[in-house]
Amino acid sequence: MIDLLSEYGATFGSGLLETLRLFLLISFVGLVLGVPCGFAVNRLGRAGRLASSTVTGVIVAIPAIVILYWFYYPLPLLLGLELSPFFTAVLAFSIINAASVVDIVSKSIASVPNEFDELSKVTGVSAGYYRQRVQLPFIFLYSLPAYLVLCIATLHITLFAGLISVGELFRVAQRINAVQYKPVEIFSAMAIFFVVTCLPLQIIARIVQEKVNRCFGFKPARSHDTP
């Protein structure tokens, strides 16, 4: 593996940079669109949260690769535009990311205990101070574990971008494997990259979730992971 990395290190590096660029842009656009929409949905009350959950459910129900292909093939024909593969991947996956962020933020806002608001009124705390010092920190901590899991999923779906000729890590690995047929070494190197990047996020998410559960008395959610 070391010989392979020394020979194709620059090629692997270009694929890694493209993957990270995809991930950062998708996450940025998802936050910019999702956080304000999450707060807006909460202002609409129960009806807004129901509509948001429905839209998010529909988007999540469609496989990411189908959304990607729809944006790559039918959308340019409908709009009469020519979109680059990289921009198409960012656009398609940002919609998925933003929908998930909206759901995370709106549920976090709805989970703020009513006792916090009542206590702030009794003690004469101003609404601005309450939002800045109590509500927003709670929303941040409560949403952080779910958002970190979303980051892992976002990093994973960037692999689909190679199917429309984006030179991300998986596509680069396939090209190298076509020249130097060493699938064990090549895809083991990819696996190591994802372990190094995703495992810490999983650990942080669990630590934060346990801290939130202890501090606010929430019962830990049952795991729905399949073996």
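Tabulated data for the structure shown
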item	result
For the range 93-145, diffusion coefficient by Stokes-Einstein and Kirkwood Rh (Cα), 10 °C, 1.306 mPa s, µm²/s	131
Calculated FRET efficiency for the pair E118/S165, C-beta based, R₀ 45 Å, to 0.05	0.20
At R0 = 25 Å, FRET efficiency that the Cβ-Cβ distance of E82 and S6 yields, to 0.05	0.05
Total charge dipole magnitude, the range 40-123, about the Cα centre, Cβ charges on Lys, Arg, Asp, Glu only, Debye to nearest 20	160
Separation in nanometres of the label points that stand 7 Å from Cα toward Cβ, at Q132 and L50	3.7
Positive-end extreme of charge dipole, the chain - chosen from V35, P137, W70 (charges on Cβ)	P137
Diffusion constant of the chain at 20 °C, which comes from Stokes-Einstein with the Kirkwood Cα-pair radius and 1.002 mPa s, µm²/s	108
√(5λ) per eigenvalue of the Cα gyration tensor, the range 1-134, largest first, Å	39, 22, 12
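Quick note: the coordinates plus some simple rules give every number you see, no bench work behind them. Please read all numbers here as calculations on a predicted model, not as lab measurements. Glycine gets a Cβ as well: all are built from the backbone with ideal geometry, and neighbour counts include every protein chain shown.
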